[in-house]
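Participant: My structure is below; once you've seen it, I'll send some questions.
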Amino acid sequence: MNAKILVVMSSESALPLQGGQTHTTGFYLNEFGVPAHRLVQKGYDLTVTTPRGNRPPLDPGSDAASFFKDEAEYQQIKTFVDQTLSGPIIKLSDAAANLDEYVAVFLPGGHAPMIELMRDPDLRRVLAHFHARALPTALICHAPVALLAAQDDAAAYQDTLQSGGTPTAQAFLYGGYKATVFSTPEEKEAESGFEAPMLYYPADALTAAGMTIQNGAKWSSHVTRDRELITGQNPMSDEEFVAVFLKALEESPVAAGA
């Protein structure tokens, strides 16, 4: 039986912005598709979850060949993603009640994790499980902001961020960890095409919680690994990200023996 990896994705597609505006978002095609395809090629089975158990929305801006090596890879990954997400999608609460069958957890990016995942109590249970067992925990682009669910009263932390205040993390599992996330310079360029400015930036949110954010050059691949945590900075990091993720899986006694 193949080892199983839990994939956690957002149910939502409307990112709150300043002035009550919203921006249509979802998961990024290549940030899910490229790592997921490689994991399946290596023999892992994926279980896709969302908080509501719905098919995760795709960010329409990511549905472009420019995020891939060439048109052929774009078409291959797009077909793979459609087939994968046409299968069963389970509720995150159901997955959180039965975590021992998984050897790792993977969160793809896109702005969507900034909506509800970073305050989701079921995600907190998921992250705590893999953290306590030092099992690979892999997040790319905006997804590392969802690590903020792994603290006491994550909802209050997000509310403070969104209101423009300075939050204080309580019992945050990843305090002191090194990570990378979609950088503020990248975010400022991206939000220039939004309906309004963002409420906060991911790098600031993670830094305030006690993480050490190590970002590379804009729009260039950059991956950070610290203990069980593997993080990728942006869409350009997909290939390097999954390579580091696979190495972590190979080094994990649980994953190797599954």
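Participant: Distance between the C-alpha centers of segment 33-91 and segment 212-258? Whole Å please.
Facilitator: That distance is 18 Å.
Participant: I've got another one for you. Would you please give the residues with an amide H less than 5 Å from that of Leu58, counting only those at least 5 places away or on a separate chain, with H modeled from the backbone geometry?
Facilitator: Those qualifying (amide H under 5 Å, at least 5 residues apart or on another chain) are Phe27.
Participant: With viscosity set to 1.002 mPa s at 20 °C, what whole-number translational diffusion coefficient in µm²/s follows for segment 1-118 from Stokes-Einstein and a Kirkwood radius over Cα pairs?
Facilitator: 145
Participant: Expressed as a whole percentage, what fraction of the accessible surface of segment 182-258 belongs to carbon and sulfur atoms when a 1.4 Å probe is rolled over the protein heavy atoms?
Facilitator: Ligands and nucleic acids excluded, carbon and sulfur reach 55 percent.
Participant: May I ask you to give the percent of accessible area on segment 53-151 that is carbon plus sulfur, with a probe radius of 1.4 Å?
Facilitator: 50
Participant: Might you tell me the accessible area per residue for segment 104-161, computed with a 1.4 Å probe and given in Å²?
Facilitator: 22
Participant: Of the peptides 170-176, 218-224, how do they stack up when ordered by the mean number of other Cβ atoms within 10 Å, highest first?
Facilitator: Those peptides, ordered most packed to least, come out 218-224, 170-176.
Participant: Right, here's the next one. Lysine pairs in the chain with Cα distance under 14 Å, only those 8 or more apart or on different chains: how many are there?
Facilitator: Count of close lysine pairs: 4.
Participant: Taking square-rooted eigenvalues a ≥ b ≥ c of the alpha carbon gyration tensor, is segment 103-149 rounded, prolate or oblate, where a/c under 1.5 means rounded and, failing that, a/b exceeding b/c means prolate?
Facilitator: Taking the square roots of the gyration eigenvalues as a ≥ b ≥ c, segment 103-149 is oblate.
Participant: Can I ask one more? May I ask for the net charge around Tyr177, where only other residues with Cβ less than 14 Å from the Cβ of Tyr177 are counted and Lys, Arg are +1 while Asp, Glu are -1?
Facilitator: Here the count lands on +1.
Participant: For the chain, treating each Cα as an identical point scatterer without solvent, what Debye log10 I(q)/I(0) comes out at q = 0.07, 0.13 1/Å?
Facilitator: Values returned for q = 0.07, 0.13 Å⁻¹ are -0.20, -0.75.
Participant: Using the Karplus curve 6.51 cos²θ - 1.76 cosθ + 1.60 with θ = phi - 60°, work out ³J(HN,Hα) for each residue of segment 29-40 in order, rounded to whole Hz, and write x for Gly and Pro.
Facilitator: Running phi through 6.51 cos²θ - 1.76 cosθ + 1.60 with θ = phi - 60° gives 3, 6, 6, 8, x, 5, x, 4, 4, 5, 4, 5 Hz.
Participant: Before anything else, pin down the relative contact order of segment 101-151: Cα pairs under 8 Å, at least 6 apart, normalised by residue count, whole percent.
Facilitator: That works out to 56 percent.
The values are calculated or read from the model by the stated rules, or taken from the named source; none is laboratory data. The structure displayed is predicted, hence computed values, not measured ones. Because the Cβ atoms are built from the backbone with ideal geometry, glycine has one as well, and the counts that use them run over all protein chains shown. Only protein heavy atoms, including side chains, enter the accessible area calculation; ligands, DNA and RNA are left aside. Shrake-Rupley method; radii C 1.70, N 1.55, O 1.52, S 1.80 Å.
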